[in-house]
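Q: Okay, here's the structure, questions in a sec.
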Amino acid sequence: MTEEKNIDNGIKNHYISAMNRVIAKANSNIALIKYWGKENFSLNIPAVGSLSLTLRGMETITEICFAENIDEDEVWVNDRQESATTSRVRQFLDLFRQKSGIAKYCIIRSHNNFPTGAGLASSASAFAALAVAANELFGLHLPPVQLSIIARMGSGSAARSIFGGIVEMKKGTMPDGSDSYAQQLYDENYWDLEILAVITSTKEKKTKSTQGMNISRETSPYYPVWVHTHSLDMEEAKIAIARKDFQMLGEITEHNCMKMHSVMLTSRPPILYWTGRTLDIIHLVWELRNKNIPAYFTIDAGPQVKILTTSSYALSILSAIKEMEGVERVIHCPLGKGAEVIERS
Ligand code: PMV
């Protein structure tokens, strides 16, 4: 057995993990009430709360193991070694190294079963899976709320993927971010909500979310209104969910999405993630509603459209979308579980 170095004398007595390899799985999530903007950049504290659905069908599986004879973490995403994400992952794993006192480097292999970096919240499932896997590997046994705080440091939306079902992310009020975490409102069996993620392009987005959020905060005249009115949208969505009022939830979902994209569009330079296809699908969703099919859309930092519906209407919406030109793929997702360890050795 190799020597365990302690990187912080103050936390010397932490449990040294006997585990050497862990595999964890996390589902992605889609926010109905979105987060756009950071209150604290270095602690990644959001400027607003958010409310999301954790989705079965869009997942990341991450394997992590300690490695000897390497002097930095090695990161593989979908079988390709990554250099750009490595420093983000290294900083993230430093949190586990500091808390555990285990100074070992790791090899991380991560697979997404959906397009990466294309506005489908792949960073949410990726950092949630990594947080859960590293928690086990480093023997920390942190409870879900603490893991949510750590996952937030990797990606704001990852804090939500720790939990399944319908999830609220609290913006919090503490300057150190200790009350900025997600929690489950209802589990995945509460309501048969479904998301159809309509993929129109699998290209990686040009403006990363963090960069876009900073530009918006600094330049959009609508940004203060976005922040100021956000809690009203959260409250409305929570009431709609408590009443299982689909129309009310759908209306506030679309409104909040349009408001976020208005902030993006009015940033300087403007941030436009939509394409012509995105607009075609918005129109299709509105046409479906005119035919009394319950469908509402939401869109993140990419051209994909996520259609919110309930289980009995998903197949008829799916067949309407499949008729459309330029749709690469549709991922049909019911609500899913939170992040979990699936293998340890
Ligand atoms: O988690 P991030 O930093 O990739 O940001 C996510 C931002 C949106 O997807 C646009 C909104 C949200 O709340 O998921």
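The values are calculated or read from the model by the stated rules, or taken from the named source; none is laboratory data. What you see is a predicted model, and the numbers here were worked out from it, not measured in a lab. Positions of Cβ are backbone-derived with ideal geometry, glycine not excepted, and every protein chain shown enters the neighbour counts.
Q: List the strands (runs of 3 or more DSSP E) inside region 1-85, counting only whole elements, that have at least 3 residues being in contact with a Phe, Trp or Tyr (Cβ under 9 Å, 6 or more places away or on another chain) and modelled with pLDDT of 95 or more.
A: 21-33, 50-67
Table: residues versus (1) surrounded by 18 or more Cβ atoms within 10 Å (Cβ to Cβ); (2) away from the ligand (no atom under 13 Å from the Cβ); (3) within 30 Å of residue 194 (Cα to Cα).
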position	(1), (2), (3)
55	yes, no, yes
67	no, yes, no
70	no, yes, no
75	yes, yes, no
81	no, yes, no
86	no, yes, no
114	yes, yes, yes
123	yes, no, yes
133	yes, yes, yes
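Q: Looking only at region 216-240, how many residues end up being within 13 Å of the ligand (Cβ to nearest atom) and either over 20 Å from residue 170 (Cβ atoms) or without any contact (Cβ under 8 Å) to a residue 24 or more places away in the chain (or both)?
A: Count: 1.
Q: Regarding residue 254, is this residue within 15 Å of the ligand (Cβ to nearest atom), among the acidic types (Asp, Glu), surrounded by 15 or more Cβ atoms within 10 Å (Cβ to Cβ) and part of a helix (DSSP H, G or I)?
A: Yes.
Q: Across region 183-197, which residue is farthest from residue 241 (Cα to Cα) among those that are touching a residue at least 60 places away in the same chain (Cβ under 8 Å) and touching an Asp or Glu at 6+ places or on another chain (Cβ under 9 Å)?
A: Residue satisfying both the conditions and the ranking: 184.
Q: From (1) among the basic types (Lys, Arg); (2) part of a helix (DSSP H, G or I); (3) within 22 Å of residue 29 (Cβ to Cβ), pick out the condition that doesn't hold for residue 277.
A: For residue 277, the failing item is (3).
Q: Any residue at all in region 263-272 that is touching a residue at least 60 places away in the same chain (Cβ under 8 Å), among the basic types (Lys, Arg), in contact with a Ser or Thr (Cβ under 8 Å, 6 or more places away or on another chain) and under 30 Å from residue 88 (Cα atoms)?
A: no
Q: Among the residues of region 153-165, are any among the hydrophobic types (A, V, I, L, M, F, W, C), in a helix (DSSP H, G or I) and more than 17 Å from residue 32 (Cα to Cα)?
A: Yes, the conditions are met somewhere in region 153-165.
Q: Tally the residues that are among the hydroxyl-bearing types (Ser, Thr, Tyr), at pLDDT below 95 and part of a loop (DSSP other than H, G, I, E, B), restricting the search to region 195-239.
A: Qualifying residue count for the region: 4.
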